[in-house]
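The values are calculated or read from the model by the stated rules, or taken from the named source; none is laboratory data. All of these numbers come straight from a predicted model, not from anything done at the bench. Positions of Cβ are backbone-derived with ideal geometry, glycine not excepted, and every protein chain shown enters the neighbour counts.
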Amino acid sequence: MGATEGLLRAGMLTKFAIGTIFLIQGLSLDGKNLKKGFFSGKVHLFTQGWIFAGWPIMAWLLMQVFPIKFSPDLHTGILFLAVLPTTISTAVVYTEKAGGNPATALFNVTLANFLGILVVPLAMMLFQGNVEESVPLDTWAFFRKIILLLALPFGIGQAMRNKGFLWMDEHKAVSRNLCQGMILFILWAAFSNSFAQGVFSSTAIVQLPQLFGFVILLTILVRVLVPATYKLTGMHAEHHPSAFFCSTEKTLAAGLPMATALFGSNNPALAILILPVLIYHPLQLFLDGVIASGWSQTGEKETH
């Protein structure tokens with residue numbers, strides 16, 4: 001029923017859900033945050049560098065030395081996780097909880113999610129050119145989907161917001177629940193289609209325990225290297241929590257619809273491609289929640 005051509009015609013509904021999610025993001029993200037937090041240039045350069053460059057480099061290097069070679073779909077899924085922008089809400093919440101500067105965090109999550117609409121598709125095109133037997137992407141169809149499903153709804157949302165439509169600010173719980181409901185639908189449709197196509201009998205599932213181990217190792221490495229490198233920049237201690245949480249977190253809310261738009265809702269391998277993101281998401285929520293609580297209790301401005 002949830003397969004692309006099933007009873008619900010989930011393929012069309014999924015595209016509608018993706019467009020709606022990015023419309024809501026456009027309505028919700030306040031571009032003024034970019035102006036307010038502009039002046040901490042060193043922090044922003046460090047954070048955006050880790051989000052879009054440090055992560056992919058770390059993931060690629062780790063895959064080179066990891067004991068097994070992942071299937072092309074899982075390889076692509078890991079790189080997709082690595083290039084995603086940061087979470088929109090939890091990075092700011094954890095920064096404030098840890099005693100950091102929430103304005104700096106808000107600037108970076110806003111900037112990262114603006115940039116992500118362009119950077120993620122371009123990065124995936126680059127990565128897939130270097131992955132043997134990777135999931136094929138039709139360049140023109142690829143950019144057409146990005147424009148119609150991601151950039152256009154997001155731009156319409158921003159235009160409506162600039163015209164004074166601030167309903168989302170006053171009803172954040174409604175928009176959050178609506179997005180979560182559509183994300184669950186996209187997830188259900190992706191797995192239904194993959195099961196219908198028999199994808200879960202492939203080697204990707206055989207590699208699932210190793211994938212868990214890889215994601216856990218990557219999670220720990222990033223959380224060790226980010227504080228190790230921001231100490232070298234000499235940035236003020238009040239910015240350490242925002243640099244840490246914005247650099248280490250990856251968005252599921254934007255990542256799942258973005259993956260569906262990039263790889264196609266009818267792609268039988270879609271559920272395999274998003275597995276790394278699905279594994280990483282609860283890990284980051286748990287681990288960063290513990291770190292933020294510990295940071296708050298000790299009153300430290302350094303992470304260990």
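Can you tell me how many residues in region 158-175 are among the basic types (Lys, Arg), modelled with pLDDT under 80 and buried (at least 16 other Cβ atoms within 10 Å of the Cβ)?
The qualifying residues number 0.
Starting from region 179-206, take each residue that is modelled with pLDDT under 75 and surrounded by 15 or more Cβ atoms within 10 Å (Cβ to Cβ) and list its partners that are of a type in the set (S, T, N, Q) and part of a helix (DSSP H, G or I), counting only C-beta distances under 7 angstrom and pairs at least six apart or across chains.
The qualifying pairs are 190/260.
Being surrounded by fewer than 22 Cβ atoms within 10 Å (Cβ to Cβ), of a type in the set (Gly, Ala, Ser) and on the phi < 0 side of the Ramachandran plot is the filter here; which residues of region 228-247 pass it?
Across region 228-247, the qualifying residues are 228, 237.
Going residue by residue through region 278-287, is there one that turns out to be under 23 Å from residue 146 (Cα atoms) and under 21 Å from the mean Cα position of the chain (by Cα)?
yes
Among the residues that make up region 216-227, is at least one of them surrounded by fewer than 22 Cβ atoms within 10 Å (Cβ to Cβ), on the phi < 0 side of the Ramachandran plot and not in a helix (DSSP H, G or I)?
The answer is no; no qualifying residue exists.
Considering 238, 249, which residue is charged (D, E, K, R), in contact (Cβ under 8 Å) with a residue 40 or more places away in the chain and closer than 19 Å to residue 84 by Cα?
Numbers: 238 fails: closer than 19 Å to residue 84 by Cα.
Unique residue meeting the criteria: 249.
Residues that are of a type in the set (Phe, Trp, Tyr), at pLDDT 90 or above and surrounded by fewer than 16 Cβ atoms within 10 Å (Cβ to Cβ): find the helices (runs of 4 or more DSSP H) completely inside region 31-145 holding 1 or more of those.
In region 31-145, 55-65 are the helices (runs of 4 or more DSSP H) which contain 1 or more residues that are of a type in the set (Phe, Trp, Tyr), at pLDDT 90 or above and surrounded by fewer than 16 Cβ atoms within 10 Å (Cβ to Cβ).
Given the conditions (1) assigned to a helix (DSSP H, G or I); (2) touching a residue at least 12 places away in the same chain (Cβ under 8 Å), and given that residue 266 satisfies all but one, which numbered condition is not satisfied?
Just one mismatch for residue 266, condition (1).
Consider residue 291 carefully, then state whether it is modelled with pLDDT of 85 or more and closer than 22 Å to residue 60 by Cβ.
no
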